[in-house]
1. Among B:98, A:86, A:101, flag the residue with its Cα farthest along the positive direction of the charge dipole of the protein assembly as shown, charges on Cβ as +1 for Lys/Arg and -1 for Asp/Glu.
2. Please report, in debye to the nearest 20, how large the charge dipole of the protein assembly as shown is about its Cα centre when each Lys and Arg carries +1 at its beta carbon and each Asp and Glu carries -1 there.
3. Per 0.36 nm of contour for each residue apart, how much would the distance between residue B:131 and residue B:168 grow if the chain were fully extended, relative to their Cα-Cα spacing?
4. Enumerate cysteines in the protein assembly as shown without a disulfide-compatible partner, where compatibility requires another Cys Cβ under 4.7 angstrom.
5. Charges only on Cβ, +1 for Lys and Arg, -1 for Asp and Glu: so what's the dipole of chain B about the Cα centre, in debye to the nearest 20?
6. Specify the residue with the greatest mean-square fluctuation among B:46, B:111, B:137, computed from a Gaussian network of chain B linking alpha-carbon atoms under 10 Å apart.
Amino acid sequence: MTAADRWVVGAALALVASLYVWSWGGSLGSDAGGSDAAAGVVAEVVVAGHPGETIDLGRDGEVEVQGRMGPSRLLVQDGRVRFTASPCRNKQCIRSGWLAHEGDFAACLPNGVAVEVLGPERGLDAINY
Amino acid sequence: MELEVTEEDARIAWLAALAIAIHVVEANLPSPLPGVKPGLANVITLAALHWYGFGVAAWVSVLRVVGGGLLGGTFLSPGFFLSLSGAIASLCMLRLATAIPGLSSIGYSVLAALAHMAGQFALAYWVLLPHPGLLRLLPVLMTAALVFGFSGGIIARAMVGAMDRAQA
């Protein structure tokens with residue numbers, strides 16, 4: 001190993017070490033992808049046949065939506081939204097759980113109510129290769 | 001019409017063929033993380049750089065990515081573009097590194113490996129998977145690049161050293 005090599009390896013070690021600090025040390029926020037992505041996000045609620053309305057995920061609270069069969073209840077908390085009640089039989093909408101990220105989607109098909117988290121740009125659902 | 005094959009063309013073809021063979025074998029090794037590979041094919045690029053200079057090394061590296069992609073069935077797939085962006089980034093780095101006096105294959109290899117991973121990661125983050133969580137993986141990937149770059153450099157230096165001695 002030449003002197004220049006040692007210099008390069010030392011600089012590389014320092015770079016990698018500083019990457020750990022930068023990436024894991026908190027400057028990216030405590031939960032990259034969770035709370036970061038949720039800031040200022042809204043969700044769109046669509047009831048069958050009607051234009052959607054948006055709800056602000058920054059404000060915690062409950063929203064009741066009148067569907068075909070009856071009221072569905074949505075809970076907004078910590079920048080996320082979920083179904084908490086719906087008059088359907090299978091409760092798939094409630095089992096979908098929290099919707100936090102852009103593009104997350106849940107629907108109560110029997111009741112005709114759908115919720116989608118909106119964001120500045122639509123990402124891809126999945127990539128496989 | 002007949003194309004004239006220069007001595008350098010033949011050299012590039014030989015080295016690229018070697019690199020592609022290593023690339024294909026390596027592509028079949030299981031990897032714990034996508035994007036992490038020993039990158040032994042780059043030992044040939046480093047040897048080409050040592051013996052014949054940057055031009056030949058660049059040809060060998062790009063031909064290896066294209067040829068390896070064709071043989072491995074990943075040509076024009078996302079994996080191929082990751083490989084290509086890494087190769088281009090590491091070549092840019094090697095071009096700059098040739099300006100540093102006194103570097104051996106070890107120094108070149110470490111620099112090229114880090115640039116390769118950075119180029120690959122940049123493409124993955126900006127195009128294929130723009131998720132902030134991916135940044136958490138960057139230090140781990142760069143650590144792997146450093147380790148494999150260093151070990152690849154040792155192999156390359158031992159190889160060119162042995163061949164230089166055999167020729168002398």
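1. So the residue we want is A:86.
2. Numbers: 17 positive and 22 negative charges, 135 e Å.
That gives the protein assembly as shown a dipole magnitude of about 640 debye.
3. 8.0 nm
4. Cysteines lacking a close Cβ partner in the protein assembly as shown: A:88, B:92.
5. Computed about the Cα centre, the dipole is about 620 debye.
6. The residue with the greatest mean-square fluctuation here is B:137.
Values in this text are rule-based calculations from the coordinates and carry no lab data. None of the values given here were measured: they were computed from a predicted structure. Note: ideal-geometry Cβ built from the backbone for every residue, glycine included; neighbour counts use all protein chains shown.
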